[in-house]
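In what follows, a structure is listed as structure tokens, so that the remarks can point back to it.
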Amino acid sequence: MSLNNYRDEAGEFLKIIGVKNDMSDTQKVNMLEEEFNILKEVMDNPDRLKHQIYDMLFILFEIASAHQFDLESEWNEGRKRKEEKYISASKNNKS
């Protein structure tokens, strides 16, 4: 499944349960910060850790849905930037 599918799934879920997009991005980021703090506390518990990662991803997909960001395109562009920055750089350093 593509990242945009997850984005759309998160947006549809919120519509189905009747959650309007009244929450600001700042409020969503605050929720993400709370989830991150919990994530730090559960690092030694794999079950809770994976649940926290899910919660954080869901919030990120919510934000992406609200803005209709093309996550697939961004992922591909980000991968290219990382390859150029790290893989190409490490090959050049070995030469």
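Computed from the coordinates by the stated procedures, all read-outs in this text should not be read as laboratory data. All of these numbers come straight from a predicted model, not from anything done at the bench. Here the Cβ positions follow ideal geometry from the backbone for every residue, glycine too, while neighbour counts run over all protein chains shown.
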field: Residue, surrounded by the fewest Cβ atoms within 10 Å (Cβ to Cβ), within the range 49-76, restricted to residues that are assigned to a loop (DSSP other than H, G, I, E, B) and over 12 Å from the mean Cα position of the chain (by Cα)
entry: Gln68
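Scan the range 31-48 and tell me whether some residue there is in contact (Cβ under 8 Å) with a residue 60 or more places away in the chain and surrounded by 10 or more Cβ atoms within 10 Å (Cβ to Cβ). Before you say what the answer is, go through the steps one by one.
Our first condition is that a residue be in contact (Cβ under 8 Å) with a residue 60 or more places away in the chain; within the range 31-48, this holds for none.
No; the residues of the range 31-48 include none that is in contact (Cβ under 8 Å) with a residue 60 or more places away in the chain and surrounded by 10 or more Cβ atoms within 10 Å (Cβ to Cβ).
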statement: Subset of the range 2-30, residues within 15 Å of the chain's Cα centre (by Cα) and either among the hydroxyl-bearing types (Ser, Thr, Tyr) or loosely packed, with under 15 Cβ neighbours inside 10 Å (or both), comes to Ser2, Asn5, Tyr6, Glu9, Asp25, Val29, Asn30
- request: Take Arg79 and decide whether it is more than 14 Å from the chain's Cα centre (by Cα), surrounded by 11 or more Cβ atoms within 10 Å (Cβ to Cβ) and either under 24 Å from Leu32 (Cα atoms) or among the basic types (Lys, Arg) (or both).
  value: no
